[in-house]
1. Roughly how many nanometres apart are two label points built 7 Å out from the Cα toward the Cβ at Ser143 and Leu109?
2. Label-point separation (nm) for Glu30 and Ser102, each offset 7 Å from Cα along Cα-to-Cβ?
3. What residues qualify as long-range amide H neighbours of Gly93, i.e. H under 5 Å apart, gap of 5 or more or another chain, H built at 1.01 Å from N?
4. May I ask you to work out the translational diffusion coefficient for segment 87-131 at 37 °C, viscosity 0.692 mPa s, via Stokes-Einstein with Rh from the Kirkwood sum over Cα pairs, reported in whole µm²/s?
5. Per-residue HN-Hα couplings for segment 77-93, Karplus 6.51 cos²θ - 1.76 cosθ + 1.60 at θ = phi - 60°, whole Hz, x for Gly and Pro?
6. Search the structure for amide H atoms under 5 Å from the amide H of Leu124, placed 1.01 Å from N in the peptide plane, and list their residues when 5 or more places away or on another chain.
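The numbers here are math on the coordinates, done by the rules we state, and not lab data. A quick note: this is a predicted structure, and the numbers were derived from the prediction, not measured. Positions of Cβ are backbone-derived with ideal geometry, glycine not excepted, and every protein chain shown enters the neighbour counts.
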Amino acid sequence: ILKGISLLSPTTFVFENIQWFSRENLSAVEAVIESVSDSVRGLVATGRPGDDGSPPDFPDGGGHFKERTIFLEGLPRESIPSFVHQTAGISPGGDLVDFLWSRAGGVPLFLQQALFYLRDLNVLREDEEFLTLAVPPHRIDGSARDFFHRRIALMGDEVEETITGASILGREFHVDLLDDVLDRSLSV
C-alpha cells in the first residue's frame, strides 16, 4: 500500500518520537525505507536525544536520502504559564507549573497531553484566578510517555486500536483505509 501511494503522488513519511521505537519498530521502518526509497520524496524522523546527549537510533537511509539533523529548542520554563493559559483558558498556579516542567519539559505536545491527563484524573482544581493541583504532586506518578498510554487506556480498546492504526498510517489516510486495517467500520 505504501509503495503504491508514494508512486501516485509526492509523499513524505514522518516517524515521530523515534526515541521510543523498539528494535522491531526500527526494523519495520527500515523495511518501509527500503520499499519506498525510489518513489518517496521525503522522510522526516523526530526524536529526543538520550540523557547522555546521543541521538536516538534510526535506520540508515542506505544513501537513498540526504540526511540532515536539526536541533530544536523546547519552550523555556517561563513560557509554561502562557501555554497553559492558552490551552486551558486559565493561568496555572506555581505547583502546576513545577509539575508540568518536571514531567513534560518544554515539549508543547507533552504539556498539552499532561494537562489533559490531569483533567481526566480529576486532580486539577480551578478557582477564580488559577488552575492548581488538587493533590500533592508526588501522588501523581508517571512520565509524559506514561500519560499518553494511560489516556489511551482510559478511552477503551476500540479507541486504542484506532489510535494505533492511525499512528501507523498517518493523518493523510482516509477512514475507509483505517477500516480495512482494523477490520471494523469506524465510519459514522
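1. Roughly 1.5 nm, to one decimal.
2. 4.0 nm
3. Sorted by chain and number, the residues that satisfy this are Leu131, Thr132.
4. Answer, rounded: 307 µm²/s.
5. Once θ is set to phi - 60°, the couplings for segment 77-93 become 3, 5, 8, 4, x, 6, 4, 5, 4, 5, 7, 9, x, 8, 6, x, x Hz.
6. Under 5 Å from the amide H of Leu124 lie the amide H atoms of Ala134, each far enough along the sequence or on another chain.
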